[in-house]
Amino acid sequence: MSWNEYEKAAEKGPGAILWKVFLLIVCISVVLGVTGYIFGWFGEAAKVAQNEFGPERALQKYEWFIDQANAIEKMDQDVILFRGRVGTVTKKYQGYGDDMILWPPHIQAQFNKEKQQADEDLLSVASQRNNLVKEYNAQSGKFNWTPFQTRTDKPVEQFHKYVIQ
């Protein structure tokens, strides 16, 4: 606005000057508001990037993958242990013969109880292992977790391998 425009507005009265000043303030407010909003988006994006890829978070994610991989390996060893227990129950009762119908009823009941318990324990451990594997693989699939995974090959769920013998 040039000085001449203010003089012309002054000739029209004080309301015209106030109206022009009001419109100028509104225009400046809108421009500043839009600019602030746009820069707010950039600031928020930078904050999210810092939270997801910053050094502290990166270390947490890396350690999570290490802990999870170690837990899966431990569960693999537990599965081997419990599979051996299932076989031990069967070997324990081989002295009674191959035909279970000829075994005394209390021995049959005891064998069935021990075999069922061993099978249930194996299924429980296998299920826990598979849950760990699912969680590990789910996190591996996320783009913001992929750089921190410790294994290039994802562990495989192996439920039927443990159940069907």
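FYI, it's all coordinate maths here, none of it is from the lab. Remember, it's a predicted structure, so these values are computed and weren't measured experimentally. For neighbour counting, all protein chains shown are included, and Cβ atoms are generated from backbone atoms with ideal geometry for every residue, glycine included.
Tabulated data
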{"quantity": "Of all residues in segment 128-145 being of a type in the set (Lys, Arg) and in a helix (DSSP H, G or I), the one that is surrounded by the fewest Cβ atoms within 10 Å (Cβ to Cβ)", "calculated": "LYS134"}
{"quantity": "Residue match in segment 59-73 (condition: in a helix (DSSP H, G or I), of a type in the set (Lys, Arg), under 30 Å from LYS47 (Cα atoms) and in contact (Cβ under 8 Å) with a residue 24 or more places away in the chain)", "calculated": "yes"}
{"quantity": "In segment 74-122, residue nearest to the chain's Cα centre (by Cα) [restricted to those that are closer than 29 Å to LEU132 by Cβ and of a type in the set (Ser, Thr, Tyr)]", "calculated": "THR88"}
{"quantity": "Top-ranked residue of segment 68-127 - restricted to ones that are farther than 30 Å from TRP145 by Cβ and of a type in the set (Gly, Ala, Ser), ranked as surrounded by the fewest Cβ atoms within 10 Å (Cβ to Cβ)", "calculated": "GLY95"}
